[in-house]
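> Here's a structure for you.
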Amino acid sequence: MQCPLCGSRKARRDCPALGRSICPVCCGTKRLIEIDCAPGCVHLSAAREHPASVVKRQHARDVAILLPTIRHLTERQHQLFFLFHMVVAGHRPDGFARLVDADVADAAQAMAATLETAQRGVIYEHTPQSIPAQRLATEMRAALDGARKDGATVYDGEAAIALRAIEQGARGIGMTAGEGDTAYQDLVARLLQVNRAAKAAGQPSEDACETPAARPSLIIP
């Protein structure tokens, strides 16, 4: 039987979260990102307890690449940084469009500029050039408004700083990593996956850049 997620490889692993079998590759790459894994999943537990050395090296490399763009952020700004990246991770472009790092940078830049302009007492909506970036910026704004509606105190200046960090990373990390036009998104998605695995296990995060995602209550009461 073929894997229902990729449609190309054989389904060899039972997935409790999906209630059906999937292939090992989709299990390894989509767990905790596209699949809301059950805490008791044996495959999740095995990966968490015995990560491959290549995974450890990749994680250390990801942290080293990302850290310069976020080391200046306060803890609350870190929280906003990962809040916006949860939006990026869940974004699905319409039709055959692809969301590339340049779109992420443009969306972050436009939204940051809008917030910075509002701080100066001027209401002006800066708009990204590409359609995917425009839709992503709309979703980012909705997430920020939703956090405020839920009772969080979020200042425009703090959100703008977090967005500028995303813009910087999305514009520069792709060239540093040399892994294509979604290198930045892939890197942050891997770190988010590590954070969610640590949270599911009840373990504290090991790196400074992971702490905010592991404790979202600092932004949303």
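Since every read-out is calculated from the coordinates, none of them should be taken as a lab result. Being a predicted model, the structure only gives us computed values, none of them experimental. Every residue, glycine among them, receives a Cβ derived from its backbone with ideal geometry; neighbour counts consider all protein chains shown.
> Less than 14 Å Cβ to Cβ from Leu5, Lys/Arg counted +1 and Asp/Glu -1: what total charge do the surrounding residues give?
Once positives and negatives cancel, what remains is +4.
> Let me ask you something else. Over 5 Å intervals from 0, what percent of Cα-Cα pairs in segment 1-50 sits in each interval?
5, 24, 36, 23, 10, 2
> On to the next question. What number comes out for the charge environment of Cys15, summing +1 per Lys or Arg and -1 per Asp or Glu over other residues with Cβ under 15 Å away?
+4
> Starting from the amide H of Ser21, placed 1.01 Å from N in the peptide plane, find each other amide H under 5 Å away whose residue is 5 or more places distant or on another chain.
Cys15
> Starting from the 7 Å offset along Cα-to-Cβ, what nm value, one decimal, do you get for the label separation of Ile131 and Arg92?
1.8
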